[in-house]
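Trainee: Please see the structure below; I have some questions.
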Amino acid sequence: MDWALLGEISQTYAAVSVPLTAVALLGAIASLGHQARQAHISHLESSRSTQQALLLRAFEDPALLVCWGPHPYPITRERWRQFSYVNMIVGFWHSEYKLGRSDDTVLTLAKRLFRGDVGYEYWLAWGPAWEKTTNEGGRKSRRFYRVMEAAFAAAEAEGPPLPSAEFFTPDPARTDPRL
């Protein structure tokens with residue numbers, strides 16, 4: 001046997017296997033990173049679903065509304081329900097933003113929300129809580145809060161919020177009782 005030739009072949013295979021092993025290791029690291037991101041997204045979705053289920057239960061049974069604690073200032077039950085619904089909307093936008101929704105989309109949606117009295121009052125009451133929450137949530141969350149604040153400022157610049165009673169025109173008189 002030619003041991004010198006076998007040694008050269010072995011060194012050639014080693015030279016090829018080291019980069020391949022490095023590529024495989026990088027692939028495994030990337031896969032673990034992707035799995036961690038997916039697990040985080042799954043956790044966010046689960047948390048949102050639980051919060052939504054709790055709120056919906058309180059919507060169905062008004063006696064449970066008090067279990068959420070007092071509002072920062074006195075409000076009606078109807079306004080509490082509206083604020084809770086707005087909170088679900090803003091939470092949805094926050095989740096979507098963290099997954100890549102654009103600043104412009106959130107800015108447009110939030111500005112429209114804040115032009116109405118319910119959205120405007122909600123942000124006055126709960127904007128500071130969103131600031132605290134998003135400051136603890138990372139770079140994208142902090143950016144989301146800044147976009148929401150810009151939308152609120154833009155809505156305020158357009159004038160006082162519109163009363164929700166003015167959002168819709170009256171329904172035309174129905175002639176068919178089945179409608």
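Trainee: Can you find, among S46, A28, Y13, the residue farthest towards the positive end of the dipole of the stretch 1-67? Put +1 on the C-beta of Lys and Arg, -1 on that of Asp and Glu.
Mentor: S46
Trainee: Could you work out the mean projected area of the convex hull around the alpha carbons of the chain, in square nanometres to one decimal? Can you show the working numbers first?
Mentor: On the way: hull surface 80.7 nm².
So the mean shadow area of the Cα hull is 20.2 nm².
Trainee: Which residue, chosen from T108, G91, Y120, occupies the Cα position most advanced towards the positive end of the dipole of the chain, where the dipole is computed from +1 (Lys, Arg) and -1 (Asp, Glu) charges on Cβ about the Cα centre?
Mentor: Checking the options against the dipole of the chain, the answer is Y120.
Trainee: Still on this model: Treating only the Cβ atoms of Lys and Arg (+1) and Asp and Glu (-1) as charged, compute the dipole magnitude of the chain about its Cα centre; round to the nearest 20 debye.
Mentor: Details: 19 positive and 19 negative charges, 51 e Å.
Result for the chain is approximately 240 debye, rounded to the nearest 20.
Trainee: A follow-up question, please. For the stretch 70-165, build the charge dipole from Cβ charges (+1 Lys, Arg; -1 Asp, Glu) around the Cα centre, then report which of A151, Y73, G137 sits farthest towards its positive end.
Mentor: Going by the Cα projections, it comes out as G137.
Trainee: If you average the sequence gap of Cα pairs under 8 Å that are 6 or more apart and divide by the length of the chain, what percent do you get for the contact order?
Mentor: 18
Trainee: Report, in debye and to the nearest 20, how large the dipole of the stretch 1-67 comes out about its Cα centre when Lys and Arg carry +1 and Asp and Glu carry -1 on their Cβ.
Mentor: Details: 3 positive and 5 negative charges, 55 e Å.
About 260 debye.
Trainee: What is the magnitude of the charge dipole of the stretch 70-165 about its Cα centre, with +1 placed on the Cβ of each Lys and Arg, -1 on the Cβ of each Asp and Glu, and no other charges, expressed in debye to the nearest 20? Intermediate results must be reported in sequence, preceding the final value.
Mentor: Numbers: 14 positive and 11 negative charges, 65 e Å.
Computed charge dipole of the stretch 70-165: roughly 320 debye.
Trainee: Residues with beta-carbon under 10 Å from that of R146, excluding R146: net charge, scoring Lys, Arg +1 and Asp, Glu -1? Working shown, then result.
Mentor: On the way: positive: R142, R143; negative: D103, E131, E149.
That sum, taken over residues with Cβ under 10 Å, equals -1.
Readers should treat all values here as calculations from the given coordinates under stated rules, not as data from a laboratory. What you see is a predicted model, and the numbers here were worked out from it, not measured in a lab. Every residue, glycine as well, gets a Cβ built from its backbone with ideal geometry; the counts of neighbours run over all protein chains shown.
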